[in-house]
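Quick notes on the structure that follows.
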Amino acid sequence: MIRERAKVALVFPGAVDGVGGAEVQALHYLTSCDRDVIDARLVLLGRNPTFEERAASLEFDKVDVLNHSDRHPWHPAVVREYVAYLKRGRFDLVHLYGLRQEVVTRAATKYVGDVKVISAIRGMESHRRRQHSVLNQVTSRWVDLWISNSEETRMLFCKRDGLPFDRIKVVPNGVALPVREDLARLRHETRGELGVGSEDRVVICVANHFPEKRISDLIAAMAIVDAAMGHCVLVVAGRFTNHTRELESMADRSEGRVMLLGYRSDVQRLLAASDVMALVSEKEGMPSSVLEGMAAGLPAVVTPVASLTNLIRDGENGYVVPVGDVGALAERLETLCRNDEEARSFGDQARRIVAEEFSITMTTNRIN
């Protein structure tokens with residue numbers, strides 16, 4: 001698909017500040033692809049200081065920031081700047097992220113000339129409305145290939161947005177395995193920062209505060225677990241939304257046993273400080289957070305949606321519970337919080353699965 005020493009641009013929207021799963025996966029690719037074959041650049045259509053800092057921390061310096069005024073991505077000045085940039089760079093392939101800006105940049109990229117366009121499908125994107133699907137369909141003529149991180153997401157976009165099945169390639173997410181000694185150091189440091197005692201069992205959920213993430217189920221289940229055994233803490237890392245106030249009300253009744261931390265750029269540290277991971281959504285694609293938790297050696301409790309059952313195998317590296325079943329969720333969380341030996345065994349198996357099936361090298365090879 002890519003000829004020798006091809007010039008590739010990974011283009012992200014700007015006017016935001018944060019790093020999510022898509023950004024993490026892009027950085028994995030940028031720092032691990034074969035530099036003798038691919039000359040890759042990260043292009044931001046606006047400022048994103050956290051993303052830029054993360055790239056710099058990985059010693060990746062091929063970052064170009066356009067649209068410093070943070071205009072809307074459809075603004076004519078932004079489109080002109082983007083087209084001029086592509087012409088100067090003479091790129092062979094452009095990988096676009098984010099439908100909000102892709103509506104224009106898909107057409108603008110093709111306008112430049114013989115440039116292949118890849119569009120990222122990173123999750124179920126249940127927040128999309130009908131008009132988003134229509135815009136996706138209308139601009140699909142300028143996309144050569146979509147990349148989805150799960151078969152379930154691929155099928156959804158074929159059905160909902162009418163995308164051609166044979167032009168969507170499934171490439172699962174990949175993560176790196178942290179060094180165990182680093183995890184031990186981070187665990188001690190981060191638990192101290194959180195005010196968590198050595199006897200506490202910490203359950204972490206990495207999810208934005210959308211209703212479909214069902215964080216309220218997790219808070220309710222953790223109240224049951226803490227009442228049964230004590231010393232149980234729930235840490236939730238994810239962006240605040242209009243749903244946050246309801247979650248805060250539930251957390252206020254937990255007497256400090258529920259921490260709603262908001263967006264965090266140090267999720268790896270939080271994972272190291274935790275004992276169990278939980279994600280009980282009713283909709284998912286292939287969440288990088290679960291893979292990162294597995295790589296950190298955490299057992300998990302999840303719901304049987306999309307690719308989660310490919311990652312968490314019931315009774316092998318975690319447990320799978322029905323969506324909305326707070327009782328079953330509490331039972332499985334308590335099992336892992338009480339049984340250190342089982343939790344450790346599941347965590348070791350989780351790391352093995354990541355190493356054998358979801359490494360960064362495997363993901364990079366699938367994209368190339």
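The values are calculated or read from the model by the stated rules, or taken from the named source; none is laboratory data. In this text the structure is predicted, and so the values were computed from the model without any measurement. Reconstructed Cβ throughout: ideal geometry from the backbone, glycine too, with neighbour counts over all protein chains shown. We work out accessible area using only protein heavy atoms, side chains counted, and drop any ligands, DNA or RNA first. Shrake-Rupley method; radii C 1.70, N 1.55, O 1.52, S 1.80 Å.
Counting only protein heavy atoms and using a 1.4 Å probe, what share of the accessible area of the range 61-137 belongs to carbon plus sulfur, as a whole percent?
Roughly 52 percent of what the probe reaches on the range 61-137 is carbon or sulfur.
Please grab the % of Cα pairs in the range 106-234 that end up more than 27 Å from each other.
Percent of Cα pairs beyond 27 Å in the range 106-234: 48.
Got a sec? Charge dipole of the range 215-266, +1 on Cβ for Lys and Arg, -1 for Asp and Glu; which of G238, S216, S254 is way out at the positive end?
Sorting the options by dipole projection puts first G238.
Taking loop as defined by DSSP and a crowding limit of 12 other beta carbons within 10 Å, which trypsin sites (Lys or Arg not before Pro) in the range 220-308 fit?
R253
I'd like to check one number: the per residue accessible area of the chain, probe 1.4 Å, reported in Å² as a whole number.
Here the residues of the chain average 44 Å² of exposed surface.
Taking the Cβ-Cβ separation of H188 and E255 as r and a Förster radius of 25 Å, what is the calculated FRET efficiency to the nearest 0.05?
With a Förster radius of 25 Å, E is 0.50.
Do the sum for the chain: with -39,500 (n - 2.57) for every DSSP H run of n ≥ 4, divided by all residues, what is the mean residue ellipticity at 222 nm, to the nearest 500 deg cm²/dmol?
Result for the chain: -13500 deg cm²/dmol, rounded to the nearest 500.
Let me check the size of the range 38-185 from its C-alpha atoms; what are the radius of gyration and Dmax in Å?
Every Cα atom of the range 38-185 included, Rg and Dmax give 17.0, 52 Å.
For the residue pair V103 and E316, what label-to-label distance in nm results when each label sits 7 Å from Cα along the Cα-to-beta-carbon direction?
Those two pseudo-labels are separated by 4.3 nm.
Only four residue types carry charge here, +1 at the Cβ of Lys and Arg and -1 at the Cβ of Asp and Glu. Report the dipole size of the range 142-224 about the Cα centre in Debye, rounded to the nearest 20.
That gives a dipole near 160 debye.
Length gain on complete extension for the stretch F240 to Y263, per 0.36 nm per residue less the alpha carbon to alpha carbon distance?
7.6 nm
How long are the three semi-axes of the equivalent ellipsoid for the range 216-368, computed from the Cα gyration tensor as the root of 5 times each eigenvalue, in whole Å, largest first?
25, 18, 14
Can you give the convex hull volume of the alpha carbon atoms of the range 196-291 per residue, in Å³?
Dividing the Cα hull volume of the range 196-291 by its residue count gives 91 Å³.
If I take R0 = 30 Å and measure r between the Cβ atoms of R88 and R129 in this structure, what FRET efficiency does the formula 1/(1 + (r/R0)^6) give, to the nearest 0.05?
Plugging the Cβ-Cβ distance into 1/(1 + (r/R0)^6) gives 0.25.
Write out the GluC sites (Glu not before Pro) in the range 132-204 meeting two conditions: DSSP loop, and at most 13 other Cβ atoms within 10 Å of their Cβ.
E199
Would you be so kind as to identify which of S119, I204, L135 lies farthest towards the positive end of the dipole of the range 118-219, taking Lys and Arg as +1 and Asp and Glu as -1 on Cβ and the Cα centre as origin?
L135
Please give the length that would be gained between Y111 and D17 if that part of the chain were fully extended, namely 0.36 nm times their separation in residues minus their C-alpha to C-alpha distance (nm, one decimal).
Separation in residues times 0.36 nm, less the Cα-Cα distance, equals 30.9 nm.
Give me the compactness ratio for the chain, meaning the Cα radius of gyration over 2.2 N^0.38 Å.
Dividing the Cα radius of gyration by 2.2 N^0.38 Å gives 1.01.
Nothing charged except the Cβ atoms of Lys and Arg (+1) and of Asp and Glu (-1): what's the magnitude of the dipole of the range 44-146 about its Cα centre? Round to the nearest 20 debye.
For the range 44-146, the charge dipole is close to 500 debye.
Mind giving me the nanometre distance, one decimal, between the label points for F165 and H68, set 7 Å out from Cα along Cα→Cβ?
5.0 nm
Over its Cα atoms, what ratio of radius of gyration to 2.2 N^0.38 Å does the range 311-368 give?
1.41
Where a Cα-Cα gap under 28 Å defines reach, which lysines qualify for K110, not counting those fewer than 8 residues away within the same chain?
By straight Cα distance, K110 reaches K7, K62, K87, K159, K169.
Considering Cα pairs under 8 angstrom that are at least six residues apart, work out the relative contact order of the chain and quote it in whole percent.
Here the relative contact order equals 15 percent.
For the range 1-151, what relative contact order do you get, as a whole percent, if you take Cα pairs closer than 8 Å and at least 6 residues apart?
The normalised contact order for the range 1-151 reaches 23 percent.
Computed over the Cα atoms of the range 1-121, what is the ratio Rg over Rh, Rh following Kirkwood?
0.93
Please work out the C-alpha center-to-center distance from the range 166-180 to the range 72-147 and express it in whole Å.
Using only Cα atoms to place each centre, the spacing works out to 22 Å.
Only Cα pairs within less than 10 Å get springs; with that Gaussian network setup on the chain, which residue of G297, G192, G46 has the largest fluctuation?
G192
Which GluC sites (Glu not before Pro) in the range 30-128 pass both tests, a DSSP loop state and at most 10 other beta-carbon atoms within 10 Å?
Answer in residue order: E59.
Which three lengths, in whole Å and largest first, does the range 237-304 cover when its Cα atoms are put on their principal axes?
In descending order, the Cα extents are 32, 26, 21 Å.
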